[in-house]
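The next block holds one structure in the form of structure tokens; read it before the comments.
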Amino acid sequence: MKYVVLFEEKAFIRSRLQRLSSLAYIELYEVANYHQMVSFVEEGKVSIDMIMMDINFDDVELVEQFREFREKFSDIPLVVFTSTSSRKAFVMAMKWGAKDFILKSMADANLIARLKRNLDIVEDDIDIDELVVSGNSLSMNVERYLSGEIQKAQKANYAFTMCFNTVFKVVGDKKEPFNISKSMLSKIQYEYWDTDVLMPLGLNYYVSFFPFCDVAGRDVLEQKIQNNFEKLKDKNLEFKDTILVNEFVTFPDDGINKEDMLNRLIEACDKEK
């Protein structure tokens, strides 16, 4: 049995998660507000395997409360469960060390599979190959990798650039994040250079690392990435009507630690419309 705390204000959504959790043999403890969640965790009556939380990323006070909560309880795995699909919200969740970023609109079967995946209770008869591109962890590996790259760059005194990539599907004058299949991701990665690293983030995003690329080289890098993506669009129908949007942060110009670099990335995503 796995034990999960769900922070969700709306009763009907808590009921949905309670029903789905029972199908997955997960014991779900419901809390309806921030203070209830803090009290439950501090009481320590059960060993918590994961926290699922909804959060309004536009609520400055609540965001600050959750930041403090994560500082105090960073050892408890976190999954963000939200109706907000913005790039800014995703990067904020990544900064908090979230294991996954799940939209409330997700179908029940997919949601059950994601819960089991995050709790390491995936069963053999569940096909999640296309549900969770990133494997067991959404952002934890990215956080660790970013910290490691900063340490290496500091010791060897070189710059590197991190890029947050989003593929959008364009329909008329609107664009929406597009689900990136494993085959699409492999084709994108094939066009990368030997020293560069691509890491998938859930279904809609990926992050790239480019050693020795400083701020002055970002325009050239953007052009190369876009040229390669256009080549893929010409050869593959699955890329039809898609565009690639990139946001860059560079060490040390945009920050000398992980927190500063992710804050700059959040600012960049907040400005992008």
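Where a number appears in this text, it was derived from the coordinates with a stated rule and is not lab data. Worth saying up front: this structure is predicted, and the values here are computed from it rather than measured. FYI the Cβ positions are ideal-geometry reconstructions off the backbone, even for glycines, and counts take in every protein chain you see.
Couple of notes before you dig in:
- Residues of region 18-37 that are without any contact (Cβ under 8 Å) to a residue 40 or more places away in the chain and touching a strand residue (DSSP E or B) at 6+ places or on another chain (Cβ under 9 Å): Q18, S22, E27, L28, Y29, E30, V31, A32, N33, Y34, Q36, M37.
- The set of residues in region 61-86 being part of a helix (DSSP H, G or I), charged (D, E, K, R) and out of contact with any Leu (no Cβ under 9 Å at 6 or more places or on another chain) consists of E61, E64, R67, E68, E71, K72.
- Number of the exception - I102 against (1) under 23 Å from the mean Cα position of the chain (by Cα); (2) in a strand (DSSP E or B); (3) surrounded by fewer than 17 Cβ atoms within 10 Å (Cβ to Cβ): (3)
- Scanning region 42-59 turns up at least one residue that is exposed (fewer than 13 other Cβ atoms within 10 Å of the Cβ) and at positive phi.
- Complete set of residues in region 24-35 that are within 14 Å of L119 (Cα to Cα) and not charged (D, E, K, R): A24, Y25, I26, L28
- Filtered by the rule that a residue be over 23 Å from the mean Cα position of the chain (by Cα) and of a type outside the set (D, E, K, R), region 6-25 gives A11, F12, S15, Q18, S22, L23, A24, Y25.
- Scanning region 161-196 for residues that are aliphatic (A, V, I, L, M) and surrounded by fewer than 16 Cβ atoms within 10 Å (Cβ to Cβ) gives V170, V171.
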